[in-house]
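Take a look at the structure below.
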Amino acid sequence: MAVTICQCLGFVISAVGVAGITAATVMNQWSTQDMYNNPVTAVFNYQGLWQTCVKESSGFTECRSYFTILGLPAMFQACRALMIVGIVLGAIGLLISIFALKCIRIGSMEDSAKANITLTAGIMFIIAGLCSIIGVSVFANMLITNFWMTTASMYTGGAISGMGGMGGMQTLQTRYTFGSALFVGWVAGGLALVGGVMMCIACRGLTPEETTYKGVSYHVSAKSPGYKTSAYEDKSKKSIYNESRRSDAPSKFDYV
């Protein structure tokens, strides 16, 4: 019963994690414009893995896809690849783990086969969760680096302009900070990782236990000289027959 609960719970958690990874991949709020220390503007920018969007104060939003692949940074493309790999592995793991659930009986599938499928699905969920966590972390590292570089250039520009008598004035540049998609990706990757570990733990309970002592049958060969009962019976019969003949034969005392 505990194995079934662990397996089903791991399946549900992994399914939620894979759905979250998919949602984070298609979301456009991977990086949002930092509004700290900026004047009130009528335009708000945010970017995703596939599109960059502009939202106006009137509520109108316009998104534009990236028209180039070669022009994007290598780390940006690595984030895309990691998220896609996580989605594919998670989808395959969900598909095969349905047939491995202990509460579902399909044909004459044995528990050992279900244990192997459960272990395979659990490993896929773990890899999918790691791909999501690594991809989101790489993108977050890019945001942090660009944020501080932009901040440094803003203050550097202010210092240079201060030489002309305008010290302390900062050049306004667009800085980007963490978007909601990053937090969704981290949480979804963690859920997929936890679900995969639970599936691997359930695999140990599904594996049939092997007995320490195995039964061995012994077959006595008919050619063994120690078990020739027929010869022994023939000798006994012959001795009895000879004794009976001796008792019927006349002895020397019968004539007295």
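Give me a comma-separated list of calculated 3J(HN,Hα) values for region 74-88, in order, Karplus coefficients 6.51, -1.76, 1.60 applied at θ = phi - 60°, integers in Hz, x for any Gly or Pro.
Calculated HN-Hα couplings, in order: 5, 5, 5, 5, 5, 4, 4, 4, 5, 5, 5, 4, x, 5, 5 Hz.
List every residue whose amide H lies under 5 Å from the amide H of Asp34, counting only residues 5 or more places away in sequence or on a different chain, with H placed 1.01 Å from N in the peptide plane.
Arg175, Tyr176, Thr177
At 7 Å along the Cα-to-beta-carbon direction for both Leu70 and Val26, put a label point, then send me their distance in nm to one decimal.
About 3.1 nm separates the two model spin labels.
Report the extension gain between Val138 and Asp111 in nm, rounded to one decimal, defined as 0.36 nm multiplied by the number of residues separating them, less their alpha carbon distance.
Gain on extension, Val138 to Asp111, equals 5.7 nm.
Report the FRET efficiency, 1/(1 + (r/R0)^6), for Thr150 and Ala2, where r is their Cβ-Cβ distance and R0 is 51 Å, rounded to 0.05.
The pair Thr150/Ala2 has a calculated efficiency of 0.45.
Per residue, what volume in Å³ does the convex hull of the Cα atoms of region 42-91 enclose?
99 Å³
In Å², and per residue, what accessible area does region 1-145 have when probed at 1.4 Å with the other protein chains present?
52 Å²
How large is the charge dipole for region 1-146, taken about the Cα centre, if only the Cβ atoms of Lys, Arg (+1) and Asp, Glu (-1) carry charge, to the nearest 20 debye?
Once rounded to the nearest 20, the dipole reads 220 debye.
The values are calculated or read from the model by the stated rules, or taken from the named source; none is laboratory data. Here the structure is a predicted model, which is why all the values come from computation and not from measurement. Methodologically, a virtual Cβ is constructed for each residue, glycine included, from the backbone with ideal geometry; neighbour enumeration extends over all protein chains shown. Calculation scope for accessible area: heavy atoms of the full protein, side chains included, ligands and nucleic acids excluded. Shrake-Rupley method; radii C 1.70, N 1.55, O 1.52, S 1.80 Å.
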